[in-house]
Each structure stands twice: as structure tokens, then as C-alpha cells.
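The values are calculated or read from the model by the stated rules, or taken from the named source; none is laboratory data. Note that this is a predicted model, so its numbers are computed, not measured. Note: ideal-geometry Cβ built from the backbone for every residue, glycine included; neighbour counts use all protein chains shown. Areas reflect the complete protein model, heavy atoms only, side chains present, ligands, DNA and RNA absent. Shrake-Rupley method; radii C 1.70, N 1.55, O 1.52, S 1.80 Å.
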Amino acid sequence: MSGGVSVVILAAGQGTRMNSDRPKVLHELAGAPLLHHAMRSAAALGPERMVVVTGVGSPDVEKAARAFDAEVQAVHQAEQQGTAHAVLQAQDLLADHDGDVIVLYGDTPLVTPETLERMLEARATADIVVLGFETATPEARYGRLVTTGDRLDRIVEWKDADAATRAIPLCNSGVVCAEGTFLFDLLREVGNDNAAREYYLPDIVEIGAKRGMTSTVVRCDESETLGINSRAELMAAETAFQARARAEAQDNGVSLPAPETVVFAYDTFVGRDSIVDPYVVFGPGVTVESGARIRAFSHLEGCHVSRGATVGPFARLRPGAELAEDVHVGNFVEIKAAQIAEGAKVNHLSYIGDAEVGERTNIGAGTITCNYDGVFKHRTVIGRDAFIGSDTMLVAPVSVGDGAMTATGSVVTEDVPAGALAVARARQVVKTGFATKFFQKLRALKAAKSGA
Ligand code: UD1
Ligand code: CA
């Protein structure tokens, strides 16, 4: 019996129409390279092996693939002679693979794991399973699927199709699933006698049919199979991704009063009964627990917001910001690589970086952790139930003990023991009548000048 599934991801193409120095699959969608989206869908199947076929920009593409999964194997396709030729490059790496192989395209990022599962299930009914979709754009230059009932007879590229074939609404997504050994046998038979002089992966359907093998189509929505060839298509995919992410968040019990203004990343998680207000942007790596509120115009990335916390409006949470339960982070506050413990408040105009803030501590408006000396980053540690006066500069490395206070406007350069008050500012001087005399003098000067 056959074993598990392995995945081949084609990512060698030039991407000429992106008009870019960057390889196409490294352009970003929802905060991650296109390649990672395909790899994520593949990874959800728990594949035995994943092989990425690289070509244009090989070292960078390989590096990006490894960043997603250190175990991934990469193979270089020196010349882009077509999709069949590309899959064949993975043949040696999968020579001893016993089981099915799914071929995905690195530039087709929105295919869902559920759809891939349906394809694997359909393998019980056919030797080759092709993912197809009905296009709403009859002039779209996709390959067309020629079917008889449930059976797929062949796939004809747009370039090679006559008018009647081009009129078929059912298109080839490019995603294919077949038993590995059988797939590579067929691929070796593919020729390049066609309009593009390329070795077409879709030709395995017709070659297979001649050998008595059967092919079938699994259908999905066109939005899932959007292939990216241009910036406009990248934007269309982003729109489709965001629509899906917003709908998913709402299904998961998240309120989005203005859903079309909220931007999600590929891995954003927001818990039940949280509210995400208008114009919130999530970068990669954000988790928000249930019952939290993210107020308008906040920007979050690489951070964790616990149950019941509130963030913003106009807050910025950068990588390593960890807010415990019921923390309040208010307007124009930036937090980076800092743990803010339960019930602490950082409500206005502060920068808290490389720091720890204890439970229930209040950070006054305008407080800054001076964490960077131009070369090194230093930590600030603040205990629980502390009170940091407004406009305190905490010059790290420095600590403020449990229950301690700092006076407003202090520049704190030395550790403050628990329960102490640190005052680190010049003493106030009051000069009686000074202002009155000062302005009298200036006004007299002005009058003398205009009179002259
Ligand atoms: C391909 C399909 C077409 C389908 C369409 C869906 C073929 C011949 N045609 O056309 O039926 O409707 O996708 O989007 O397969 N690649 C390589 N090496 C190569 C050639 C391509 O790695 O030598 C990669 C590309 O980087 C890309 C993918 O394969 O990720 C698809 O190649 P592309 O040239 O975009 O194929 P299409 O013409 O769009
Ligand atoms: Ca394409």
C-alpha cells in the first residue's frame, strides 16, 4: 500500500510581468512571501516531504523556503522549460517516495488545505486529480479542461486552444495530484510540440488516458486559484485574502464594526468576543485572546494581547510586546520587546522597549525607556504596583522596585528601591514679578521701533 503524501512546489518562474528585481514568489501577500502561503497550505497536509523547485533568484527563494521550514528540500531548475520539466527536477528527491504527490504553484497562494484534502480523497476515484474552477472572465488565458461527465479527457493550453475550447468555462488551476512513481513516468513522456515549445504538466492527463489511466476534476472557487503574474493580480489576491480573513474572524466571534478597513496578516489570530475597531493593521505574528479590544488606528506585529486587554486608539505594538490580562495600552504608545503584567496601564504617549512592567503598575504619560545607547540595547525592569510619574526618562539599564514612585519629569539613571520615591529633576525656582517686567520691557521696545 502507498504511504503519505509529498508536495512539489513550482517556484522557478521569472515573473516578468511583476516588473521587479525580486523573484515573483518572494513578493508579499498578507505579510508573507507568496511562497510561504503555498507552503502553509502544503504543510497543513502533514506531508512526508516538501520540495521547492527554484530557478530565477534561486538562492533567495531557497533561503525563504528554509525560513518557513528548515526541512524543506530545494532543487534548481536551470532553464525554465515548462511546468512538466519543473516537476521532473524533483524526481531524484522523491525517487523512494511511496505515495501520492501534489504539485502546487508558488505563485498561487490561496489554495486551502481543505481543497487539497478533497483532491487526496478524490484519488480513490481516479489516477490523476486536477483542481479546476469556473472562470468568470471568459478571456482569461488559463488552460481549459475538456471533460466527459466526471472524466477529465485532456487539458488544452489557451495558446493551443481553438475558439470552441477557449469557450469552455472550466479552467486548470495547475494543482495536480497523482501517485508519485506513476506521475514521474508520465512526465518523462511529455513532449514540447506546442505553441510555447514548453513541456506542459497538464499533458499528463492525455498521456495517462492513452495508457488507460483515469483523470478527474475537483472544483473550487476561482478566488482560491488566483495565480499571481502582475502587481494587479497580487492586489486582487490581497483583496481576496482579506475578504476571507475578515469573514473567518467574524465566524470566530470577533466583532469588526468596519471590516473592510481592518488588515489581517496570514497568521493573525483574534479570539472570541474581541472587538477590532476600524483601521487596525495586523502584521505577522499577532495573537489576541478573547474579550480584548483593539481600538482604531492601531498597528500590531509579533505581539500577544491577553484576555480583556485594551489597545489604542493609535497604539503600536512591535515584536515581543506581551500584554497580560486586563492591561491597558492607550493612545500614541509604542511597546517593543516588553512584558506588561496583569492590570498594568500605559495609557498615553509612551515608549516602552526592552522592558518588564509589573502587575498593576501605572506608567504616566510621556514615559520613555531610553533603551539604546547607540550600540547596545539595555533593559528596564519595573516592579508591581509602581507609579511612574509623567514624562519620566528611564535610562536603561535601570530598575524601579515594587511599589516605588518616580517624580514627574525625572531622568532616572540609578535603580530605585522598592517603596522609594526617586526625584531626578532640577528644583523649581520662582522669580516674583519677573514675567510682568520682562513683557513690559519687550512691548516698550516694540512701540519705540514702530514709532521711529
Ligand atoms: C499554468 C498552466 C495552465 C493553468 C495556469 C493556472 C501549464 C503549461 N499551464 O499556466 O494550464 O491554467 O498555470 O495559473 O502548466 N514554473 C517553473 N518552471 C517552469 C515553468 C513554470 O517553476 O519551467 C512555475 C512558475 O514559476 C509558476 C508555475 O510554474 O509558479 C506556473 O507557471 P506559469 O508559467 O505561470 O504557467 P501559466 O502559463 O500561468
Ligand atoms: Ca501563471
So which residues in segment 94-120 are among the charged types (D, E, K, R), closer than 15 Å to Ala43 by Cα and either open to solvent by 40 Å² or more (accessible area, probe 1.4 Å) or under 20 Å from the mean Cα position of the chain (by Cα) (or both)?
Glu114, Glu117
Among what's in segment 186-229 and is among the acidic types (Asp, Glu) and touching a residue at least 12 places away in the same chain (Cβ under 8 Å), pick the residue that is nearest to ligand 1 (Cβ to nearest atom).
Glu198
Being open to solvent by less than 30 Å² (accessible area, probe 1.4 Å) and among the small types (Gly, Ala, Ser) is the filter here; which residues of segment 37-52 pass it?
Ala38, Ser41, Ala42
Failed condition for Leu35, given (1) of a type in the set (A, V, I, L, M); (2) free of Cβ contacts under 8 Å to residues at least 12 places away in the same chain; (3) in a helix (DSSP H, G or I)
(2)
Has segment 41-48 got at least one residue that is among the hydroxyl-bearing types (Ser, Thr, Tyr), within 16 Å of the chain's Cα centre (by Cα) and at negative phi?
yes
For segment 325-340, which residues satisfy the criterion of being assigned to a loop (DSSP other than H, G, I, E, B) and either surrounded by fewer than 20 Cβ atoms within 10 Å (Cβ to Cβ) or touching a Pro at 6+ places or on another chain (Cβ under 9 Å) (or both)?
Glu325, Asp326, Phe332
Of the conditions (1) within 16 Å of ligand 2 (Cβ to nearest atom); (2) modelled with pLDDT under 95, Val25 satisfies every one except a single condition; which number is it?
(2)
Tell me, which residue of segment 159-185 that is aliphatic (A, V, I, L, M) and free of Cβ contacts under 8 Å to residues at least 24 places away in the same chain is nearest to ligand 2 (Cβ to nearest atom)?
Ala161
Cβ pairs under 6 Å, 6+ apart, first in segment 233-254 and in contact (Cβ under 8 Å) with a residue 24 or more places away in the chain, second assigned to a helix (DSSP H, G or I)
Ala240/Ser223
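It is to be established whether one or more residues within segment 431-445 are touching a residue at least 40 places away in the same chain (Cβ under 8 Å) and either within 28 Å of Ala315 (Cα to Cα) or in a loop (DSSP other than H, G, I, E, B) (or both). Break it down stepwise before answering.
Initial filter on segment 431-445 (touching a residue at least 40 places away in the same chain (Cβ under 8 Å)): none.
No, that holds for no residue.
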Can you list the helices (runs of 4 or more DSSP H) found entirely within segment 48-142 that contain at least 2 residues being closer than 22 Å to Val217 by Cα and either β-branched (Val, Ile, Thr) or without any contact (Cβ under 8 Å) to a residue 60 or more places away in the chain (or both)?
83-88, 113-122
